[in-house]
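Single-structure report; data block below.
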């Protein structure tokens, strides 16, 4: 069932709420195929098959996190698609800093961390038709009120409740996030990627001089980060001095045990 919500330029005007879905991205894709407009939101109390980047599972226990997806229909070149995830990451980091007085780090391209522990992630899935971008489904998962995690995640996951010591209201968080998104997404559409990439680099300790290991689909690269390209790709300088441009991959800090 859809419900009206406070008017923003693009976000939160039409919201579909579900008790349980397999994945909010899947539901949002169905709506997009039926013509749902930009800014349409799908929110679920629980995902039974939530997913993250690189085919990973996103743990989505009932009423403990924010699980939602947004339909975007930007008129942008395909080369700018990676910047959409940066837009959302910046909005999340700004919200957590301003509202909860926490320092959120961003691990390229779109993992949100507090310290070395992940509390949010973004999964952007694009649909191209007739050589044009038809829409993008941006899935956003945020650990809000979890107090424990499975053993395999306990050392690398956290929640805003664990970090602040208080329960987080999911609807309030979501409304505040859309205010941030409205501003940053509008800036991106009006002025391009420059300000977004610049702000991302200011917020992320992974942007410059970070020793990392990057695993791509066909190789492993070890080196030090040297910022982002104007299109949001990660630049890594290897021990030989060569600079590699990373379009997709899994980044790990080498300051932690591997």
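Take the conditions (1) at negative phi; (2) in contact (Cβ under 8 Å) with a residue 40 or more places away in the chain; residue 198 misses just one of them, which is (2). Of the residues making up the range 8-24, those that are over 13 Å from residue 48 (Cβ atoms) and not in a strand (DSSP E or B) number 6. Residues that are surrounded by fewer than 17 Cβ atoms within 10 Å (Cβ to Cβ), without any contact (Cβ under 8 Å) to a residue 12 or more places away in the chain and in a strand (DSSP E or B) within the range 219-236 comprise just one, 220.
Residue count for the range 76-86 under the criterion of being in contact with a strand residue (DSSP E or B) (Cβ under 9 Å, 6 or more places away or on another chain) and either outside any helix (DSSP H, G or I) or within 10 Å of residue 197 (Cα to Cα) (or both): the result is 3. For the residues 254, 247, the requirement of being in contact (Cβ under 8 Å) with a residue 12 or more places away in the chain, loosely packed, with under 15 Cβ neighbours inside 10 Å, under 18 Å from the mean Cα position of the chain (by Cα) and within 21 Å of residue 112 (Cβ to Cβ) singles out 247. Answer yes or no: is there a residue in the range 106-121 that is touching a residue at least 12 places away in the same chain (Cβ under 8 Å) and over 22 Å from residue 251 (Cα atoms). No - not one qualifying residue is present in the range 106-121. In the range 114-216, counting only strands (runs of 3 or more DSSP E) that sit wholly within it, the ones holding 1 or more residues that are touching a helix residue (DSSP H, G or I) at 6+ places or on another chain (Cβ under 6 Å) and surrounded by 17 or more Cβ atoms within 10 Å (Cβ to Cβ) span 117-129, 132-143.
Just so you know, all these numbers are worked out from the coordinates, no wet-lab data involved. Note that the structure is a prediction, hence the values are computed from the model and not measured. Cβ sites come from the backbone with ideal geometry, for glycine too, and all protein chains shown count toward neighbours.
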